[in-house]
1. What residue, of A:244, A:203, A:254, is more than 8 Å from chain B (Cβ to nearest Cβ) and within 25 Å of the chain's Cα centre (by Cα)?
2. Picking from A:343, A:322, A:389, A:350, which residue would you name as being facing chain B (nearest Cβ under 7 Å), more than 31 Å from the chain's Cα centre (by Cα) and within 27 Å of residue A:472 (Cα to Cα)?
3. Which residue pairs have Cβ atoms closer than 8 Å, lie 6 or more positions apart in sequence or on different chains, and pair a first residue in the stretch B:40-66 that is more than 11 Å from residue B:15 (Cα to Cα) with a second residue that is assigned to a helix (DSSP H, G or I) and aromatic (Phe, Trp, Tyr)?
4. If you go through the stretch B:297-314 one residue at a time, how many are in a helix (DSSP H, G or I) and either within 8 Å of chain A (Cβ to nearest Cβ) or among the hydrophobic types (A, V, I, L, M, F, W, C) (or both)?
5. Do any helices (runs of 4 or more DSSP H) lying entirely in the stretch A:128-171 carry at least 1 residues that are among the acidic types (Asp, Glu), out of contact with any Cys (no Cβ under 9 Å at 6 or more places or on another chain) and under 19 Å from residue A:101 (Cβ atoms), and which ones are they?
6. Give the stretch A:387-413 a look and list any residue that's touching a residue at least 24 places away in the same chain (Cβ under 8 Å) and closer than 19 Å to residue A:458 by Cα, or say none.
7. Say whether the condition of being touching a helix residue (DSSP H, G or I) at 6+ places or on another chain (Cβ under 8 Å), closer than 30 Å to residue A:282 by Cα and within 11 Å of chain A (Cβ to nearest Cβ) is met by at least one residue in the stretch B:217-232.
8. Of the residues that make up the stretch B:283-290, is at least one more than 7 Å from every other protein chain (Cβ to nearest Cβ), in a loop (DSSP other than H, G, I, E, B) and in contact (Cβ under 8 Å) with a residue 24 or more places away in the chain?
Protein chains: 2
Amino acid sequence: MPEMQRKSPESLQDRLDQVLALVRQLHAAESAEQEDVDQVADVLREEVSRELQQRLDELHPADVAVILESMPLEERLLAWQLVRSERDGDILLEVSDAVREMLIADMDSHEILAAANNLDADELADLAPDLPRDVVRELMDTLDVNERERLKSALSFAEDEVGALMDFDMITIRDDVTLEVVSRYLRRFDSLPDHNDKLFVIDADGVLKGVLPIRKLLVSSPEMTVAEVMSDDPVLFRASDDADEATQAFERYDLISAPVVDDDGRLFGRLTIDAVVDYIREQSEAEVLSAAGLREEEDIFSSVWKSVRNRWAWLAINLCTALVASRVIGLFEGSIEQLVALAALMPIVAGIGGNSGNQTITMIVRGIATGQVQVAHGKRLLKKEIGVALVNGLFWGFVLSLIAYLLYGNAPLSIVLMSAMVLNMLLAAMMGVCIPLLRVRFGRDPALGSSVMITSITDSGGFFIFLGLATIFLL
Amino acid sequence: MPEMQRKSPESLQDRLDQVLALVRQLHAAESAEQEDVDQVADVLREEVSRELQQRLDELHPADVAVILESMPLEERLLAWQLVRSERDGDILLEVSDAVREMLIADMDSHEILAAANNLDADELADLAPDLPRDVVRELMDTLDVNERERLKSALSFAEDEVGALMDFDMITIRDDVTLEVVSRYLRRFDSLPDHNDKLFVIDADGVLKGVLPIRKLLVSSPEMTVAEVMSDDPVLFRASDDADEATQAFERYDLISAPVVDDDGRLFGRLTIDAVVDYIREQSEAEVLSAAGLREEEDIFSSVWKSVRNRWAWLAINLCTALVASRVIGLFEGSIEQLVALAALMPIVAGIGGNSGNQTITMIVRGIATGQVQVAHGKRLLKKEIGVALVNGLFWGFVLSLIAYLLYGNAPLSIVLMSAMVLNMLLAAMMGVCIPLLRVRFGRDPALGSSVMITSITDSGGFFIFLGLATIFLL
């Protein structure tokens, strides 16, 4: 990879803006061209296109990716055609899934194969799911045996396994040589892999015996042997390990790279901090998106139909829960007819229950994810959350019932409102603690859809409690 | 920092569980002791406490932090007292803010000063906000001039500036020496700092001239000079740079460390990937928490009162918006009295608007954060989102109005329901695009409270549209 050529994020922003302006200019020229084909416009177009190509060449693939993502469709394809084909692969690795899909759809199989040519097996594995099947098969044929095996094994892991994140850029050494020999061996490389903060020490069978951190190599005497200096019990992972746990280990121990071994202890690959950071970012992205009811990251400039599909599922679920809540209200239509203030006040009871339940369930789900909350803590947490719900419910219930009294001058109605608020918040607290803990006990993901579930309970529950109490005590 | 002594996350979990079990045993023994003070129990207690202490000693500070976070209050303090005081500082750096506050409250100023003794200036700066003021003053006095200056400058930066994340563990060299000399210089260190993937090249005034990546040092001929091998235009940051942009640069260019300079270009400190990862994690944490209406991370075992305070503000805001929605319904009490089905159906209109608005605003806010969306794209995005809202609104509106017809057998009511759903989703789409773009234009954070804002608009708007249409056309 080339050394960076930029001084700071600011001047980078300027460059990106210039490229965007050039693309817009070119796009305008292309559109105009169809109307009046004169030679002056043609020359201008050539010139802009040459300058644009040169500027794109100077940018890091990650920066080109950002530029492509922030352009509307036609301009994006225009710029994509100007990127030199040997850089296509690196850039495809950097763009978001949605944009990648769209760029690949624009390439024919020759272009795809050419782009794939410059990539390592682990990088190919990242791209493969988005490529047409026959292209992947052709691709396999162009690889040597070693690379093909690596690609196959990288493809065999699930997205949340360490195997899917690892690469194969490790430098291996034996433990019986001196550091002097190691240094000479390293000097024979033209360049070392990224994130190469340690060398991996293996025996003749490829079994990992330890790691030699580069910083130990630098400070130790050249006459010492690798065996004397290496760490023989490093943090290591199996390819089938859970990626979440591996990223937590990277964070806890501030790792830059770590060995990945197979079941027999043989060195298989390595995991590096850049893959870990990408994974952390993707996970937190997915969390935010799913909290808002989006299935996956959207290309912001994609078509209406693609967006509709992405948002469909959650709207459907939410409509079902809304329908249930609506039927609960339907049960009490007679009561509402008699005391129409109930209709105006009932969303308050449902709303505060939903908010307070979401606060509780978010705390518990996060505690489970970080390992702070175990099922054994259930009783204690329940007691605390019920305490919080009581305090909040009594206080806000009092405030709201006071306001209701000023509006409607109906004291019994205010008392029912306050009771319903307290009861619904207690319901929210109990469900907020129990739902995630029960899901963990039954081996489910506690986070998935937790917000939808708690909100639907506190909506229907809130309407039922408030309207039920009102029917019993007010009518 | 000691080398890691563990094989994989699994065996670590076993160790953590063992420590937790020991603490529980000790806590039980202590509680029992008050009733019957016999010598057998005393001996047992001593033994457990010794084993526990030894096990805690063997664990990495980050692991001890996790253990402390996952214990209820009394057990946590019991374990904390058994941690050797020279490790207190490192562990305090690793625990969450809420737990740190609680542990420091348990220490007297002597213990705090002893713990601070082992920390660097940048680490002290992280702790300082949680320490009592007089202890910080005392601490300043114990530092040498150099360290004191560093602590002061580190404390002078805001949380979201690069200066608050940087450390001072950089190794500097001159550009006129050979790599041979650099290697010999490094060998004089007992150990090198963490994340030391490059050396910083400065002139006599301390101005940064370039960086020498360790991997270039390893592969280049020892006779070459630093000036020949170094990169003279590295990615660098100013201490006052925005931390978000710096973390994006770290992700884009897969950096491990980068120089931080002052306004005159003098080397000031360095930013490392571990600080960046912590920052990314904290930011995404804050995003999830604030989406659920929590002000900050909560110690899951904290008192009811602390939790109430943390959740107070958001409940208050949400109650205000619920009250507004309730008053909108209040305007139409006459209509509801005449056609009580309106009360049962109105939450559906409000709910789907809220969901669809949250989907839109989340997309736009994320696009702004990643730089893909600019204010100039407003019109195009608005057009697309209106398209999505129309498709979803017409489809789901049709489904729901069909269900409503089956329930109530009132065709005009169904038509009003469908129209209200479409209109509320259009409102949601427009607000979802315009609110974040307008906030950006006026220099505000587009994310802050975006979900609350859109939900309150679609709630009140949904009730108003549905009940208003019903009043005009049905009554």
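1. A:244
2. A:343
3. B:60/A:253; B:62/A:253
4. 8
5. By residue number, A:133-142.
6. Of everything in the stretch A:387-413, those that are touching a residue at least 24 places away in the same chain (Cβ under 8 Å) and closer than 19 Å to residue A:458 by Cα turn out to be A:388, A:389, A:390, A:392, A:393, A:394, A:396, A:397, A:400.
7. no
8. No; the residues of the stretch B:283-290 include none that is more than 7 Å from every other protein chain (Cβ to nearest Cβ), in a loop (DSSP other than H, G, I, E, B) and in contact (Cβ under 8 Å) with a residue 24 or more places away in the chain.
The values are calculated or read from the model by the stated rules, or taken from the named source; none is laboratory data. Bear in mind that the values here come from a model prediction, so they are computed numbers and not experimental data. For neighbour counting, all protein chains shown are included, and Cβ atoms are generated from backbone atoms with ideal geometry for every residue, glycine included.
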